[in-house]
Amino acid sequence: MPDRGGGPTGPRIRVGRPSRRVRTLLMTLGVLAVLGMAFTMFAGFWTDWLWYRSVNYSSVFTTTLSTKIGLFFVFGLLMALAVGFNLWLAHRLRPPLSAMSMEQQSLDRYRMGIAPYKKWLLLGITALVGLIAGASASGQWRTWLMWVNGVSFGQKDPQFHLDVSFYAFDLPWYRFLLGFGFAATILSLIAAALTHYLYGGLRVTSPGARATAAATGHLSVLLGIFVALKAVAYWLDRYGLAVKSSDFKATDNWTGLRYVDANAYLPAKTILFCIAVICALLFFATLWRRTWQLPVIGFGLMVLSAILIGGLYPAIVQKFQVQPNEQAKEAPYVEKNLKATREAYGIEGAQVTDYSGTSKTEDKTTLRDDVAGAASIRVLDPNIVSPTFQQLQQIRKYYAFPTNLDVDRYNVNGQDQDTVIGLRELNLAGVDKQNWINNHFRYTHGYGVVAAKGTTADIDGRPAFTESNLPSEGVLGKYEQRIYYGEKTTTYSIVGGPQKEIDYSDDQGEKTTSYTGKGGINLSSPVNRAAYAVAFGEPQILYSGAIGEGSKILYNRTPKDRVEAVAPWLTIDGDAYPAVVGDKVQWIVDAYTTTNGYPYASRTTLGDTTADSLTATNNNRAVVAQQNQVNYIRNSVKATVDAYTGEVKLYQWDTKDPVLKTWMKAFPGTVEKKSQISGDLMAHLRYPQDLFKVQRELLTRYHVKDATTFLSGSEVWQVPNDPTNQSNDAVPPYYLSMKMPDQKAQAFSLTTTFTPNGRDNLSAFMSVDSEAGTSGYGKIRVLKLPTSTTVDGPKQVQSQFNSEQDIAESIRLLKGGDSEVEYGNLLTVPLDGGLLYVEPVYVRGGGLKYPLLRKVLVSYGGVTAFEDSLDEALNKVFGAEGATPKPPADDGGTTPPPATGNATVQEALQDAQEAFTAGQEALKKPDWEAYAKAQADLEAALKRAEDAQAAADKNGGSSPNPSTSPSASAKPGATASPKPSPSGSPSG
């Protein structure tokens, strides 16, 4: 044994092999480490399988996994065989040692060093390249499934007359195969060249022949394969021109052939293909000629041709043929791009009509009564009032509402009503005592829906709740109120076992419950518990006594995550929204099918196109994961997630979309037919915001249909920045029930405005019918304003609001003390040829932590009003300040009739006034029992007044006296005083 250390007089330390005990310990630790790694991998696989099985989408897991495994082994094996075979062949073709030069003899020590390990080295190299290639190929599972399951689009491109499916499904797969072929050839060439050099087949510094005949033949074949693949690449590049993006002044992301592509690049690619084929044959011919002279000349010719024909010639054509007469040369190709882009984004049916932008009616007072028919103007901004919902309806600290609430419509008393809605979700940050049991066993779910009428507020500026309290009660009926799945529910919960959950609290104390839904994964099995303990990094799951018979674990609980997991081939909309559907709370999630292979259609980046002032402050509303470019999109799937059970359902929405049909072939049984959508669910489906934002961005240029105007750029629009804040982000689209000029009645719509490029005046107004289940759903209407006149845009209207002295003074007073003023959504409504702007103004301050509606800004035809209520502002703008507006058709309430001089009528109206006041007081508490009684008293008093008035009229009674009407004397709040509803609930 060797000795270490110690001098002549010092101790000598004997160092040898580790003892048997140490070796056993090290071996044991190594085995345990391997087993630990193996179980960690198993835990990830097993928990994924359990989750997919729990949501009844196990076929998605198995199909995806089997496809990845298949691609991994097939392409990994092919790469390993290609490299391994060429290594073996190069070694076999080595020259005898006697023929080696002095240069090669100097490499003897390297050859001798690897000689004992040649087989292992060969296996190691091939295994490594195989693993890398297999892992890369497994990531192409979507490309493979789309290629093998692709269906026809039924449309052909205008250049090569091939079905669009060739570009969307076939070409990506062919390009992957080509890339794999290049990688295999290059790695094989490198491996073979190094082996030939190491064993004397190649020489660098020695005199004489640089390569043996065997090495020459071997490497020439590999080079020939490389050049042959280049020929295939040239041929595919011809078709790739139809989906190639390029810089073009007409648009930022131009896709498709232009004049120079069709008349220079296309023939150049064909010529280069022929040259590459000839060059490849010359390389293959070296097997017989044993000389590289002709192949090298051919390869040089191919490189020179690529520079001259593929680069210089197109530049000459562009410079001397296109630029002098660009409009005439490019017009035919622009027309193809216009048509394809409009088809790919679903905007080919957009109806663009001229709109004057100014009213022709001289007496504006006559328009006052038309406002109610033009739109149900929403003064409750869902993006501002979340703190108000939080303050008034949070009830307990461990509940919370999302940052941005949602707009939906509900049928109340037979009329559709725009409603702002939010769920009271679980907020673990509000739990006083934070520990594992509380966070994962006791506080597990939110409770109830809170909703308010969108078109009004109460007299104090608070939302007029139609569904409130805990448990929630109101106009939405009975439904399962526990919210186990929601946008804010991002942690796991363990439910259904021996540990009881906190349900909600009332005056009698805490109520407990135990989950009985079908969702979740059973933890009764020790294997399941161990797997989740490893997967979640929480060892207590394995041994905690709080887990027992019936315990289930709930995770992956946000609606977007669940839909994305069961349908990884879909792009998910940024805004999932809740709805009460029958006796359940359902999250509704819009999902899209996309491709970037639609010929001639210009590309867009979803993450950029869908960004606005809301996504800038709330990442939950952003399509942040989709930064890849697409040039085809369809809202093909409507998905639902049950807020109690977590059940996910996918419904086919676009029955003609070939991309969805392709994925339905790849994953059969995962998407239900459109006919399976219930009537209750259909009533809450709407046009998705992200698709609308993509379409509006495209329409800034593609609203024109002729190439000349498109090329001139004179009609380019832009989406204006949000004028209500200083973020410089795009204004978000707004949901609103309104009537466009060609419509006979209001429809639930999504709206936006456009301004000319680089200017602030209005150029167009856009809306899409968002009412699912109707014949008009998806109809895009664009009102185009004349370019010869100037109509104020959103920013100018906001500036006008801020610059008027009276309004500015009022705003200054509202900001007194520590108060803050917040501007709500600036809504635009077409009315009698003009445009009506309405903006609610909220004040947060005076010790309050939440905003209240205090003022409403209205502008029409250059006249501006800033009043306490919408009705007062409309009256002022239209010169009808003394008028009493008609009650909305959807109000469902009963308003006392005008008083008369008849004593019986006066007495009845006095009783009605008292009942009305009692009802308003009951609303403030709220006390629904007292409210119902007040309603009944009010109806009885009104009946007596009507009967007395009728008798008086028959006998020649006195004239009306409106000043004594209860509705006239009621104090106005954010709008006219809320009208009572016979149903016993506030209609808002």
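The values are calculated or read from the model by the stated rules, or taken from the named source; none is laboratory data. Source: prediction; values computed, not measured. A quick note on method: Cβ atoms are made from the backbone with ideal geometry, for glycine too, and the neighbour counts reach across all protein chains shown.
The lone criterion from (1) in contact with a Lys or Arg (Cβ under 6 Å, 6 or more places away or on another chain); (2) assigned to a strand (DSSP E or B) left unmet by I421 is number (1). Scan the range 395-426 for residues that are under 19 Å from K511 (Cβ atoms) and under 24 Å from the mean Cα position of the chain (by Cα) and the total you get is 4. Criterion applied to L711, L698 was being surrounded by fewer than 20 Cβ atoms within 10 Å (Cβ to Cβ), out of contact with any Cys (no Cβ under 6 Å at 6 or more places or on another chain), of a type in the set (A, V, I, L, M) and not in a loop (DSSP other than H, G, I, E, B), and the one residue passing it is L711. The test for being outside any helix (DSSP H, G or I) and either over 30 Å from E335 (Cβ atoms) or aromatic (F, W, Y) (or both) holds for W254.
In this structure, does T512 turn out to be outside any strand (DSSP E or B) and at pLDDT below 95? No, not satisfied.
Only one entry in Y555, Y532 is out of contact with any Cys (no Cβ under 9 Å at 6 or more places or on another chain), within 18 Å of D642 (Cα to Cα) and aromatic (F, W, Y), namely Y555.
Contact map, the range 61-86: first residue in contact (Cβ under 8 Å) with a residue 60 or more places away in the chain and small (G, A, S), second residue surrounded by fewer than 18 Cβ atoms within 10 Å (Cβ to Cβ) and assigned to a helix (DSSP H, G or I), Cβ cut-off under 8 Å, separation 6 or more or different chains; pairs are G76/L131; G76/A135. Among the numbered conditions (1) surrounded by fewer than 13 Cβ atoms within 10 Å (Cβ to Cβ); (2) part of a helix (DSSP H, G or I); (3) at pLDDT 85 or above, the only one that A280 does not meet is (1).
Filter the range 175-184 for residues that are of a type outside the set (F, W, Y) and in contact (Cβ under 8 Å) with a residue 60 or more places away in the chain; which is farthest from A90 (Cα to Cα)?
The initial filter retains those residues of the range 175-184 that are of a type outside the set (F, W, Y), namely 175, 177-179, 181, 183-184.
Next, only the ones that are in contact (Cβ under 8 Å) with a residue 60 or more places away in the chain stay: 175, 183-184.
Numbers: R175: 29, A183: 18, A184: 16 Å.
So, considering only residues that are of a type outside the set (F, W, Y) and in contact (Cβ under 8 Å) with a residue 60 or more places away in the chain, the one farthest from A90 (Cα to Cα) is R175.
Give just the number: which of (1) exposed (fewer than 14 other Cβ atoms within 10 Å of the Cβ); (2) among the small types (G, A, S); (3) over 40 Å from the mean Cα position of the chain (by Cα) does S305 not satisfy? Every listed condition holds for S305 apart from (1).
The requirement of being closer than 30 Å to A344 by Cα and not hydrophobic (A, V, I, L, M, F, W, C) is not satisfied by R289. From the set of residues in the range 762-791 that are modelled with pLDDT under 90 and closer than 20 Å to N721 by Cα, which is surrounded by the fewest Cβ atoms within 10 Å (Cβ to Cβ)? Across the range 762-791, the extreme among qualifying residues is T790. Out of everything in the range 346-378 that is in contact (Cβ under 8 Å) with a residue 60 or more places away in the chain and among the hydroxyl-bearing types (S, T, Y), what residue ends up being surrounded by the most Cβ atoms within 10 Å (Cβ to Cβ)? My answer is S376.
May I ask you to verify whether V317 is more than 30 Å from P786 (Cα to Cα) and either in the same structural domain as L219 (by TED's automatic domain parsing) or not hydrophobic (A, V, I, L, M, F, W, C) (or both)? Reasoning before the result, please.
Values: more than 30 Å from P786 (Cα to Cα): yes; either in the same structural domain as L219 (by TED's automatic domain parsing) or not hydrophobic (A, V, I, L, M, F, W, C) (or both): yes.
So V317 fits the description; yes.
Considered as a group, the residues in the range 752-771 that are in a strand (DSSP E or B) and of a type in the set (S, T, Y) include one that is farthest from the chain's Cα centre (by Cα), and that residue is T755.
Results for (1) at pLDDT 70 or above; (2) crowded, with 22+ Cβ neighbours inside 10 Å, shown as yes or no for each residue.
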| position | (1), (2) |
| --- | --- |
| G845 | yes, no |
| T884 | no, no |
| A899 | no, yes |
| K933 | yes, no |
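Residue-wise test of (1) surrounded by fewer than 22 Cβ atoms within 10 Å (Cβ to Cβ); (2) polar (S, T, N, Q); (3) touching a helix residue (DSSP H, G or I) at 6+ places or on another chain (Cβ under 9 Å).
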residue	(1), (2), (3)
L423	no, no, no
L428	yes, no, yes
T444	no, yes, no
A451	no, no, no
G454	no, no, no
A457	no, no, no
F465	no, no, yes
G477	yes, no, no
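Quick check: anything in the range 467-474 surrounded by 19 or more Cβ atoms within 10 Å (Cβ to Cβ), part of a loop (DSSP other than H, G, I, E, B) and over 28 Å from the mean Cα position of the chain (by Cα)? There is at least one residue in the range 467-474 that is surrounded by 19 or more Cβ atoms within 10 Å (Cβ to Cβ), part of a loop (DSSP other than H, G, I, E, B) and over 28 Å from the mean Cα position of the chain (by Cα).
Residues in the range 85-124 that are at pLDDT 85 or above, under 19 Å from A215 (Cβ atoms) and of a type outside the set (S, T, N, Q): F85, L87, W88, L89, A90, H91, R92, L93.
In the range 735-751, the residue that is surrounded by the fewest Cβ atoms within 10 Å (Cβ to Cβ) out of those that are outside any strand (DSSP E or B) and of a type in the set (S, T, N, Q) is Q743. Residue count for the range 812-843 under the criterion of being without any contact (Cβ under 8 Å) to a residue 60 or more places away in the chain and either surrounded by fewer than 19 Cβ atoms within 10 Å (Cβ to Cβ) or hydroxyl-bearing (S, T, Y) (or both): the result is 11. Look at T341 and say whether it is surrounded by fewer than 16 Cβ atoms within 10 Å (Cβ to Cβ), touching a helix residue (DSSP H, G or I) at 6+ places or on another chain (Cβ under 9 Å) and of a type in the set (S, T, Y). Criteria not met by T341.
Taking each residue of the range 382-411 that is at negative phi and charged (D, E, K, R) and looking for partners that are buried (at least 23 other Cβ atoms within 10 Å of the Cβ) and not in a strand (DSSP E or B) with beta-carbon atoms closer than 7 Å, six or more apart or interchain, yields D406/P382.
Taken over the range 812-856, the criterion of being β-branched (V, I, T) and within 16 Å of A873 (Cα to Cα) is satisfied by T828, V829, V838, V841, V856.
The one condition from (1) more than 52 Å from the chain's Cα centre (by Cα); (2) surrounded by fewer than 20 Cβ atoms within 10 Å (Cβ to Cβ) that H196 does not meet is (2).
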